[in-house]
Structures are given as structure tokens and as C-alpha cells.
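Structure first, commentary second.
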Amino acid sequence: MLKRKLNVTIALTLLGVVGANAQDSTKKSTTTFTFSADAYYRYDFADAKNGDLNNKTSFTNSKNSFELGMASIKVDHTIGKVEATLDLGYGRRAAEFSYNDGGSLAVVKQAYLSYAPSSALKFTIGKWATHVGWELVDAYANRNYSMSYGFSYGPFFHTGLKADISLGGKSALMVGVANPTDNSTTTSSGKFFIAQFSTATKNDKVKIYINYQGGTNNTAPLAADQCSLSQFDAVINATLSSKFSVVYDGTIQTRKSKAAGAKSNSWTSNALYLNYDPTSVFGLTLRGELMSDTKAVAGLGTEVFVPTLSANFKIDNLTIIPELRLDNAKDKVFFKSDGTATKSAASFVLAATYKF
């Protein structure tokens with residue numbers, strides 16, 4: 001019986017594909033493929049023992065070891081007013097990105113379908129990387145290899161329905177409804193509202209993004225861990241010259257537990273990226289970030305200032321990134337090699353990214 005049902009399903013699917021091809025044979029379609037891979041070595045100068053990594057951000061949770069980051073393949077297909085994207089990732093980076101997903105869902109970084117009834121309106125349904133913040137899951141898309149605290153403790157992705165609306169000129173609005181943050185599937189009735197307003201100067205040298213997510217997270221296994229959440233985020237990207245640009249990313253996330261008598265508490269991140277590109281094959285990025293989580297809303301329970309200096313050496317599609325990072329905390333949350341606690345941790349990363 002199961003085999004017969006499968007055969008019928010396959011036949012109907014093939015008929016649908018043939019019918020669609022016959023109907024849309026005059027429409028122009030395009031398909032693009034994007035492949036990428038990254039790997040890195042991270043050295044902890046303190047060489048902390050007992051399994052401590054002196055690392056509290058995403059994707060570089062290792063020390064004194066060569067590691068594979070992620071191998072990705074992304075397929076984009078467009079025909080007429082319809083678009084489809086499938087973005088698959090394999091490796092530690094992909095697994096941490098889809099940490100709430102299990103099985104086959106864990107390799108799906110993005111999968112969404114879009115329909116644009118007009119040039120000013122587009123609807124999208126599926127799973128996509130978050131609009132909140134500046135950094136991205138794909139290593140080749142960032143100038144620093146290690147991730148900021150703002151990225152690591154903010155949303156990674158959304159699964160839901162959104163509308164992109166052109167407001168004329170350089171301005172646009174995105175609004176949508178999604179599952180609780182970072183959940184591809186859920187049985188919770190609670191949903192999140194997401195939004196973004198974007199604009200830019202006429203010459204595109206200054207771009208501004210105002211981002212939001214908020215809703216009720218009922219996905220936690222314990223009622224005390226369930227909460228209402230709201231996050232506001234602002235990104236300003238300014239090109240000052242052909243060699244120098246600056247980016248600011250500021251965010252505040254507020255949570256209120258559903259436990260009786262609970263109060264609202266917040267964590268904040270303010271990050272500034274200074275980019276200098278003296279030549280087309282060499283660039284420097286200094287990221288300075290202040291992460292404040294003194295109420296342990298994100299789990300840190302302290303304030304951390306982190307300067308990170310990264311160089312980018314470009315050889316065709318290959319980018320080599322040597323990086324020096326120093327995490328300075330208000331409290332002793334890091335460890336020395338003898339196991340004693342300390343307020344600071346220094347690390348070095350040598351990474352390589354490739355995209356084609």
C-alpha cells in the first residue's frame with residue numbers, strides 16, 4: 001500500500017512539473033549556485049584546563065586545534081515572479097546555527113519560497129537568516145572570523161511568513177510573523193513579530209537598518225524559563241572613502257520570565273567595526289564591542305569589552321584571516337592554565353574562507 005501511494009505521489013509530482021514547464025516555457029528562468037567552505041585554528045594563550053575554552057561566543061568553540069567550520073551549497077532559482085532558495089550547510093558552524101533542530105533539519109540553513117505580485121511587494125515563506133544585527137552565519141561574509149557577543153546571543157534565524165515592501169526611493173519595510181526565535185518547528189501557539197525599516201542616502205554611502213523581533217517564547221521545557229522577549233537593533237553602515245568604512249551595530253534585548261513576580265531585564269551590545277582597505281588584496285578590521293549582561297539575561301552575568309583585530313589577505317576566491325582577540329570582563333569569568341579565574345582571555349585565530 002505504501003509503495004502504491006509513493007508511486008502515485010511521484011507520478012502526480014512529475015505531471016505537475018511537466019505541466020508547469022509547459023505552461024511557463026516562455027518565461028525566463030535563472031539558477032545560481034554558491035559554494036563556500038571555511039576552516040580555522042584557534043589558540044588560547046592561557047591554555048585553560050579542565051575543558052574550559054575561554055570562549056563564550058559562537059562558532060569558535062575549540063582551542064589549540066585545527067577545525068573545520070562549514071561547507072555550504074546555496075541554490076537560488078527564479079522564474080517570473082517566483083523565487084526559491086535552498087541553503088545547506090555541513091559542519092560545526094551549521095550545527096550551532098541550527099542548534100534547536102535535529103536530524104535532517106539541522107543541515108538546512110535557509111529554505112524559503114517567494115512571490116512578488118509587483119515590484120514593490122514580495123511575500124516570503126520558509127526559514128531564513130535573521131535580519132537583526134550586522135554579522136552573518138557564512139564566514140566569507142564577515143571580515144572578522146570570530147563572532148560578536150551581539151550575534152551569538154541574538155537571533156540566528158526565523159521560520160515564518162514575511163512581506164518586503166518598497167516605500168519608494170531608498171526606503172523599504174519588512175514585516176512578518178514567525179515561530180519563536182531559532183525554531184524551524186514548534187508546537188507553541190506563541191509567535192514572534194519581526195520587522196525592519198531600511199533606508200540609505202542617494203549615493204548609498206550611508207545605509208541604515210532598524211530591526212525588531214518580539215513575542216512570547218513558550219518553547220522552553222520549564223515554565224520558569226518561558227518568557228516574553230523583545231529586541232531592538234540598529235545598524236549604520238557608512239563608506240567614508242574608497243579605503244575606509246565604518247559600521248555600528250547596537251542592540252538591546254529585554255526578557256520577562258513568566259514566573260510569578262518576575263521583572264523585566266535586558267542585555268545590550270554595542271559594536272563598532274573600523275574597516276581599512278589600502279589595496280584590493282589586503283584589508284584590516286578592528287571590531288570593538290561592549291557587551292553588558294550584568295543581570296545574566298543571556299547567561300554571562302557580567303560586562304565584557306572585546307577588541308578584535310583581523311587582517312584579510314585575498315588570493316582570488318580565498319581569504320586568509322589572522323585574528324587577535326582580547327576579551328576583558330568586569331568579573332572573573334575566564335580561566336588561567338592553573339585553573340584560577342581571571343577577568344581576561346586572549347586568543348589567536350588563523351582562518352581561511354573560500355567562496356565560488
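Residues to consider are 97, 33, 45, 66; find the one that is among the hydrophobic types (A, V, I, L, M, F, W, C), exposed (fewer than 14 other Cβ atoms within 10 Å of the Cβ) and under 21 Å from residue 349 (Cα atoms). After ruling out the rest, the residue left standing is 66.
Restricting to region 269-298, give me the number of residues that are outside any strand (DSSP E or B), without any contact (Cβ under 8 Å) to a residue 60 or more places away in the chain, under 17 Å from residue 154 (Cα atoms) and not polar (S, T, N, Q). Matching residues across region 269-298 total 3. If you filter region 343-356 down to residues that are loosely packed, with under 15 Cβ neighbours inside 10 Å and touching a residue at least 24 places away in the same chain (Cβ under 8 Å), you find that the one that is farthest from residue 60 (Cα to Cα) is 356. Flag not set for residue 257, criterion: more than 22 Å from the chain's Cα centre (by Cα) and surrounded by fewer than 16 Cβ atoms within 10 Å (Cβ to Cβ).
Any residue at all in region 205-218 that's more than 30 Å from residue 40 (Cα to Cα), touching a Pro at 6+ places or on another chain (Cβ under 7 Å) and at pLDDT 95 or above? Looking for residues that are more than 30 Å from residue 40 (Cα to Cα), touching a Pro at 6+ places or on another chain (Cβ under 7 Å) and at pLDDT 95 or above, one finds at least one in region 205-218, hence yes. Answer yes or no: is there a residue in region 139-149 that is in a strand (DSSP E or B), within 18 Å of the chain's Cα centre (by Cα) and touching a residue at least 60 places away in the same chain (Cβ under 8 Å). Checked against the condition, which is being in a strand (DSSP E or B), within 18 Å of the chain's Cα centre (by Cα) and touching a residue at least 60 places away in the same chain (Cβ under 8 Å), region 139-149 yields no hits at all.
The values are calculated or read from the model by the stated rules, or taken from the named source; none is laboratory data. In this text the structure is predicted, and so the values were computed from the model without any measurement. Note: ideal-geometry Cβ built from the backbone for every residue, glycine included; neighbour counts use all protein chains shown.
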